[in-house]
1. Out of Lys157, Lys166, report the one residue that is in contact with a Lys or Arg (Cβ under 9 Å, 6 or more places away or on another chain) and not assigned by TED's automatic domain parsing to the domain that holds Tyr102.
2. Taking only pairs six or more apart or across chains, which ones have beta-carbon atoms under 8 Å, a first residue in the range 151-164 that is at pLDDT below 95, and a second residue that is of a type in the set (Asp, Glu)?
3. Take Glu185 and decide whether it is surrounded by 15 or more Cβ atoms within 10 Å (Cβ to Cβ), acidic (Asp, Glu) and in contact with a Ser or Thr (Cβ under 8 Å, 6 or more places away or on another chain).
4. For the range 231-252, which residues satisfy the criterion of being free of Cβ contacts under 8 Å to residues at least 60 places away in the same chain and part of a loop (DSSP other than H, G, I, E, B)?
5. Scan the range 105-132 and report the pairs whose first residue is closer than 23 Å to His270 by Cβ and of a type in the set (Ser, Thr, Tyr) and whose second residue is assigned to a helix (DSSP H, G or I) and modelled with pLDDT of 85 or more, with Cβ atoms within less than 7 Å and a gap of 6+ or a chain change.
6. Take the residues in the range 58-75 that are within 19 Å of the chain's Cα centre (by Cα) and not in a helix (DSSP H, G or I); name whichever of them is surrounded by the fewest Cβ atoms within 10 Å (Cβ to Cβ).
7. Mind listing whichever residues of the range 108-133 are closer than 20 Å to Val251 by Cβ and among the hydrophobic types (A, V, I, L, M, F, W, C)?
8. Return the residue satisfying two criteria in turn: it lies in the range 196-206 and is surrounded by fewer than 14 Cβ atoms within 10 Å (Cβ to Cβ) and either outside the structural domain of Lys182 (by TED's automatic domain parsing) or not small (Gly, Ala, Ser) (or both), and of such residues it is farthest from Ser71 (Cα to Cα).
Amino acid sequence: MKPEADSNDITEHPHDDTSRPYLCTVCDKWYKTKYQLNTHMNIHTGKYKCSACGKFCRSNAELTIHSRVHSGEKPYLCTVCDKRYKTKDHLKKHMNVHTSEYKCTECGKCYRCNAELTIHSRIHSGEKPYLCEVCDKRYTTKQQLVDHRNTHTDKYKCTECGTCCKSSIDLTVHSRIHSGEKPFECSVCSKQLASAGSLETHIRIHSGKKPFECSVCSERFTRAGDLVRHSRVLHTHSRIHSGEKPFKCSVCSKRFTTAGELVRHSRVLHI
């Protein structure tokens, strides 16, 4: 149950970060403007609540976009490849794939923005610059590290089995293992699923869509995991015979057959 919120309590509160003077008295988050705070307060008041899963949104526009998780609606169409997207922003980022503005020089794969290209390039370099100080695991992105750190704390701990999750969303989805709750319904066959991701994957059974394409042989797959397994079994093995070593060390220029070999090399010699 959410704490009771007073939407009129938007007075300024003194604190160290003068650029964010507006405090939410329910969850202690700070905001730059009264408008941002007022919009945020809708989460606590329940003004924009999803009737399907109970999620609280900040605005009617956000609720409309969220509702597409349940309906499967994707109103924004790419006129080049016919892929559809839930939001205009997602479509706009996708279009960069066709313009090749952000293209990997190693494998030719195209991305929607420079940040995505930078993260992708670490597959070839083996770079994992974000280190967990608790267990020494390394991560490709800062957000992966932030999420991982939560597994060392009780921040998102399941009260039923003690499992520590990475985020509140992961904990919510995990808790449905115990409750049996399945709030996401397929509009085609009425099958109930526990998460939005599971619903999206399930819908592909009906649509026949296979959004994950192998960059080597162009075979397409319904799930990312299927593509990963395909690549490991067929194409990694084929490099043993061809001698291809597409993964290059950015420090000493030595080349490797797999990304895993490059990562191990970097850890032993260069870290």
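1. Details: Lys157 fails: in contact with a Lys or Arg (Cβ under 9 Å, 6 or more places away or on another chain).
That would be Lys166, the only listed residue that is in contact with a Lys or Arg (Cβ under 9 Å, 6 or more places away or on another chain) and not assigned by TED's automatic domain parsing to the domain that holds Tyr102.
2. The qualifying pairs are Tyr156/Asp170; Cys164/Asp154.
3. On the way: surrounded by 15 or more Cβ atoms within 10 Å (Cβ to Cβ): yes; acidic (Asp, Glu): yes; in contact with a Ser or Thr (Cβ under 8 Å, 6 or more places away or on another chain): no.
When the stated conditions are applied, Glu185 does not pass them.
4. Taking the range 231-252 as the starting set, the residues that turn out to be free of Cβ contacts under 8 Å to residues at least 60 places away in the same chain are 231-245, 251-252.
Correct list: Gly243, Glu244, Lys245, Val251, Cys252.
5. Partner pairs satisfying both residue conditions: Tyr130/Lys142; Tyr130/Gln144; Tyr130/Leu145.
6. It comes out as Lys74.
7. Residues of the range 108-133 closer than 20 Å to Val251 by Cβ: 118-131.
Across the range 108-133, the qualifying residues are Ile119, Ile123, Leu131.
8. Initially, the range 196-206 is screened for residues surrounded by fewer than 14 Cβ atoms within 10 Å (Cβ to Cβ), giving 197, 205-206.
With the extra rule that they be either outside the structural domain of Lys182 (by TED's automatic domain parsing) or not small (Gly, Ala, Ser) (or both), the set shrinks to 205-206.
Numbers: Ile205: 16, His206: 14 Å.
Looking at residues that are surrounded by fewer than 14 Cβ atoms within 10 Å (Cβ to Cβ) and either outside the structural domain of Lys182 (by TED's automatic domain parsing) or not small (Gly, Ala, Ser) (or both), I get Ile205.
The values are calculated or read from the model by the stated rules, or taken from the named source; none is laboratory data. This is a predicted model, so every value here is computed, not measured. In this analysis, Cβ positions are derived from the backbone assuming ideal geometry, glycine residues included, and neighbour counts consider all displayed protein chains.
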